[in-house]
Every structure is written in C-alpha cells, then in structure tokens.
Amino acid sequence: MTSPAAQTETVTMAARLGSIIDRAVGIISPRAALKRRFFRDQLSRAELYAAAKQNRLSRYTLGASNVNDIISASNPVLRSRVRQLVRDFPYLARAVGIMVDYSIGTGIVFQSKVKGPKGKLNKKLIVKIEDAVKWWMDEADAAGKMHYYDIMRLAKRQDLEPGEFVIVKTFPKDRNRYLPYALQIYEPDWLTSAKDNYSTGGIDLNAKPGARETRNGIEYEKQTGRVTGYWFADPNYGGAEMYVPAANVIHGFETLRPHQLRGVTPFAPGIMIASDLSSYLDAEIDTAKLAAKYLAFVYTDFGAERQAANPLITTDSDTSQKIENLENAIIEYLRPGEKIELANSNRPGTTFQPTVRLMLTMLSIVTGVPYELISGDYSGLNFSTCRIVRNDFAQQLRPISVRHIRQFGLPTVKTAIDMAVLTGRLSLPGYWQNPRPYLESEWQPPGMDAVDPLREAKSQIESISYGLKSPQEVARERGRDLEEVYNEIALAQEMAKDLGLTFNAAGTSEKSNPAAIMEET
C-alpha cells in the first residue's frame, strides 16, 4: 500500500516533469507550448466539481488543508473577538446565556443507576453512591468558590466562547475535605506552544509506535493521535512551563475534523455578522440622536448682518475649546433669502427594522438560538409556531447536552467514585476488577415547560395510554426524574392527610368547562 506522502510526491514529480516539457517545447515552438498549456488547463477544469472551479465571480481562498494549521493561525484572534463581542454586544451575550441555560440549566443532574443481581435497581447502593458524589460536588472547586454544577456551567461557557474547556484534576492533601480530589478550570490560552516540536502537524502513519510530538501545547502519539499530555504556561507570572499527563486533564471541544487537537468557537461564522450589526446599530442610533437635536432652521433676509452682529458660536466661551457635543432643540440660522422650515428626521428609516431582523436571523442560525429568544421579539407567534420553534431547539440541544455529559460529567464523577472507594468512603466489592456496573448512571439535562400545558398534557396522557411514550420519557422532557416526582406526590398526599385536606380530581365536564366548578359551589 502506497502511503499518502508517497502519492503526493508522485503527483508533484509528474507536475514538475510536465512543466519542464512545456518549457522545452516553448523554446522550439511557442505556439505548440500555448496549445499544450491551454489543453492541460481545460483538462484540469473538466476534472473539477462545478463548485470547485475558479472564475471572476467565484473565487475562494485555498488555505492550509491541515486542520491544526488553520486552528493555530486563527484561534488567538477568534477567541479575542468573540470575547470582546460577548462583553460589548448584547445579542451575542444573550446567545451565550441562553445556550448555557437551556443546555446546562442549574446543572445536568447525576443519578446513579446501579442494578442488583436480578436486574432491578439497587436502591440502597444508589443512595450511598449519590450521597458520596453529592458530598464531593459541594467541594469540587479547588478554589472553594464554586459548586460542581457552577463549574459545569462555566465549562459550557468556555466551550462556546473560546471553543474549548480545559479542566485539571488536582489531589489536595487536606484532611478537612471529604475526598482528596478537586477540579481546577484553566483558560485555553494557558496552553503554551513553547514546547512544540511537531514535524508533520498531524498523524504520521509511518511513525514508530510510541513516538510523540507536541503541537499547540498538546503532546500526542504521532501514529494514532492519542493525547498523552499537556503543556501549560503560567499566565500571570511567566514561570516555567508545566507538564500535566493527559489522565489528569479534561479537554472538551466539538471535533469537526479528524485528528483535530484544539477546539474552535462555534460562533466563528457569526463574528463578522455580529460586528457589522453592532456597527450598524451604533451608526443608526448616533445619526438619529444627532438629527433629533435640530428643532428648526431659521432663514432671514438679514442673515448676513445678523450673523456679523452675532456670529455662529463654534467654541466654548469658558474653555475656548471647540464644541463637539450639540445641545437639544437647536435653532440654526442659515443663508439669507430662504424660508423657515422645521427639521424633519426620518430616523430610523423604513429599512432599519427589516435589516436588523435579517441580521439577527443570520446570527440566530450561527449561534443555534431561535430568533425569538435572541431578539426578545415574540410578535406573530401562535401555538403551532411556538411548538415548532421549541421542538427544533430541543432537538438541537440534545447532542450538545450529551457531549457535555460525555466530556465533562462522566470523567469527573468517575474519578470522584474512584477516590471514594480508594479512601474507604464507599465500599463497592469488586470495583477495581470491574468498575463498570457501579458507574451505571443517568444524567438529567434541563427540560422545557409546555407551551400550552392543557393541550400538551392531553397529548402526553394519550401517548402513555397507547404505549407510545413512557411516564419516564414525559418526566425527562420536563427535566425531572419520575421517581422524584412520585416521591413528591406521595409526600404531598401524606401532608394533606395529616392536615385533613382532600382534593378531588376534576371530571370530564369540568376539564372542558372550568366554569362548571364555580356553578357547583
């Protein structure tokens, strides 16, 4: 099997040989050389897809083909621009907040699902594991400032803004801690290129097994691409670089191309749109503000004499500085011989709102946030369109939440259970031989409230009745655990019984006509 490098070298040599022959023919017969070049060009174009052909109307930049080359060159600028827009541009800041709130919420809740020998849930063991994990979550932050679910939200923000999150597992020796294990979240910028020694910039199938190289602060095996370690720089004091083995680092990002080492912000395609929209809004608002300052223009036949007696003031009498800020309701004296006319400011113009809506729609497509949520404009919505928007958004959020569970939730909690067993906080027989049964879990992302609770409740009841949905699925859609819901109902019934309260379910006629309840009373 010929390697990709050998194939590329063969093609290059053939191109060079063809070029040499063309030049030799050109010395003897320039016309023949031109014909050869013409037909060679036609042959190359005929082999292309139509979308790949270059002409004056369709020119594309043919950049580096290696994904890590592109990310290396682009990421510092992309990170800075997105962060600046999130700080200063309300719509992008709102988009980040919405994605974090809807994909993570107050936290994607961990639930142990350990089963007993007969396949049923082992409730006693589940309670022990969940209690141990909850105790650790309270002190998960190495700095002692954030809860575990706060770190989860911050990691998601990092995943959106710089395009990746980096968490280092630490093992503090503090007897006051429940477990000697904590998380420390790093800025992706702390990954340093000071130790880079890459040659190919990607996978080398001919590399020796175990051979390693470093790129963008990430050490990996050249043959497989498996990450083996990370190099970090001290961001504040310029100290020596620090190497951390991959086993102690959680590096999360969305992989868009094979052998990708670093993440890219998903907002990258929207940076120019957001920047243009921000500039457009600033310009339109500034223009409207300036236009509104002029109340009227006064024209007089004695303008020259009047202006000579009372010249136009362009400087401040107190400071002798030029006046740069206009007062409101200015009356301006202009050329003589013209009439009085009230200022008429048509700002914003008729194209302002459609333009802003179009640009916000484009920004909505890039960020994944529905237009109605990112803009706060709910005009024209009805039940059907609300359901469509909500269902599309929910479908889009599922893989986002699942990826965060896999990249953040599972590895952090697994180490917590490891440390709980290692320190004797948990007794799990056979754990080190086969930990998988004890790690069975379910993570509950936030749900969404019903658009029309009555309509959707009827639909869900029918789906459960006909076996198309389970009660667990309905509870999950609302971001709840069915067992927790049932426990709350049982507790409420017990409280009502203790207080001597009774509640009767409404009949069919009462459900369709709530006024009937008032008539009965």
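Just to be sure before I move on: is Thr192 open to solvent by less than 40 Å² (accessible area, probe 1.4 Å), polar (S, T, N, Q) and either at pLDDT 95 or above or touching a strand residue (DSSP E or B) at 6+ places or on another chain (Cβ under 6 Å) (or both) in the structure I sent?
Details: open to solvent by less than 40 Å² (accessible area, probe 1.4 Å): yes; polar (S, T, N, Q): yes; either at pLDDT 95 or above or touching a strand residue (DSSP E or B) at 6+ places or on another chain (Cβ under 6 Å) (or both): yes.
Answer is yes for this residue.
Any chance you could count how many residues in the range 131-147 are among the aromatic types (Phe, Trp, Tyr) and either open to solvent by less than 10 Å² (accessible area, probe 1.4 Å) or part of a loop (DSSP other than H, G, I, E, B) (or both)? Break it down stepwise before answering.
Step one: of the range 131-147, the residues among the aromatic types (Phe, Trp, Tyr) are 135-136.
The next check asks that each one be either open to solvent by less than 10 Å² (accessible area, probe 1.4 Å) or part of a loop (DSSP other than H, G, I, E, B) (or both); those that pass are 136.
Count: 1.
So for the range 69-78 (the condition being open to solvent by 50 Å² or more (accessible area, probe 1.4 Å), free of Cβ contacts under 8 Å to residues at least 60 places away in the same chain and in contact with a Ser or Thr (Cβ under 6 Å, 6 or more places away or on another chain)), does at least one residue qualify?
Scanning the range 69-78 turns up no residue that is open to solvent by 50 Å² or more (accessible area, probe 1.4 Å), free of Cβ contacts under 8 Å to residues at least 60 places away in the same chain and in contact with a Ser or Thr (Cβ under 6 Å, 6 or more places away or on another chain).
In the range 466-501, which residues are hydrophobic (A, V, I, L, M, F, W, C) and loosely packed, with under 14 Cβ neighbours inside 10 Å?
Correct list: Leu468, Ile489, Ala490, Leu491, Ala492, Met495, Ala496, Leu499, Leu501.
The conditions are (1) among the hydrophobic types (A, V, I, L, M, F, W, C); (2) at pLDDT 85 or above; (3) open to solvent by 60 Å² or more (accessible area, probe 1.4 Å); (4) over 40 Å from the mean Cα position of the chain (by Cα), and Met518 fails exactly one of them. Which is it?
It fails just one condition, (2).
Those residues that are under 19 Å from Glu187 (Cβ atoms) and of a type in the set (Gly, Ala, Ser), I need them from the range 72-92; list them, please.
Ser72, Ser74, Ser80
Considering Arg398, Arg436, Arg403, which residue is surrounded by 14 or more Cβ atoms within 10 Å (Cβ to Cβ) and farther than 22 Å from Pro90 by Cβ?
Sole residue among the options that is surrounded by 14 or more Cβ atoms within 10 Å (Cβ to Cβ) and farther than 22 Å from Pro90 by Cβ: Arg403.
Does the range 361-384 contain any residue that is open to solvent by 40 Å² or more (accessible area, probe 1.4 Å), touching a Cys at 6+ places or on another chain (Cβ under 9 Å) and either within 26 Å of Arg476 (Cα to Cα) or not basic (Lys, Arg) (or both)?
The answer is yes; a qualifying residue exists.
So is Asp150 in a loop (DSSP other than H, G, I, E, B) and either among the acidic types (Asp, Glu) or at pLDDT 95 or above (or both) or not?
Spelling it out, it is not the case that Asp150 is in a loop (DSSP other than H, G, I, E, B) and either among the acidic types (Asp, Glu) or at pLDDT 95 or above (or both).
Could you tell me which numbered condition Gly163 fails, if it satisfies all but one of (1) free of Cβ contacts under 8 Å to residues at least 40 places away in the same chain; (2) at positive phi; (3) of a type in the set (Gly, Ala, Ser)?
(1)
Go through the range 79-130 and report how many residues are open to solvent by less than 70 Å² (accessible area, probe 1.4 Å), part of a helix (DSSP H, G or I) and touching a strand residue (DSSP E or B) at 6+ places or on another chain (Cβ under 9 Å).
Within the range 79-130, residues that are open to solvent by less than 70 Å² (accessible area, probe 1.4 Å), part of a helix (DSSP H, G or I) and touching a strand residue (DSSP E or B) at 6+ places or on another chain (Cβ under 9 Å) number 4.
Would you pick out the residues in the range 208-218 that are in a strand (DSSP E or B) and either in contact (Cβ under 8 Å) with a residue 24 or more places away in the chain or of a type in the set (A, V, I, L, M) (or both)?
Answer for the range 208-218, where residues must be in a strand (DSSP E or B) and either in contact (Cβ under 8 Å) with a residue 24 or more places away in the chain or of a type in the set (A, V, I, L, M) (or both): Arg215, Ile218.
In the range 221-233, which residue that is in contact with a helix residue (DSSP H, G or I) (Cβ under 9 Å, 6 or more places away or on another chain) and within 16 Å of Gln260 (Cβ to Cβ) is least open to solvent (accessible area, probe 1.4 Å)?
Only one residue fits best here, namely Tyr230.
Since Ile388 meets every condition but one in (1) at pLDDT 95 or above; (2) open to solvent by 20 Å² or more (accessible area, probe 1.4 Å); (3) under 20 Å from Ser103 (Cβ atoms); (4) not polar (S, T, N, Q), which condition does it not meet?
Failed condition: (1).
The values are calculated or read from the model by the stated rules, or taken from the named source; none is laboratory data. Just so you know, these numbers come straight off a predicted model, no measurement behind them. With ideal geometry, Cβ positions are generated from the backbone for all residues, glycine too; neighbour counts draw on all protein chains shown. The protein model used for the area step is the full one, side chains on, heavy atoms only, and it has no ligands, DNA or RNA in it. Shrake-Rupley method; radii C 1.70, N 1.55, O 1.52, S 1.80 Å.
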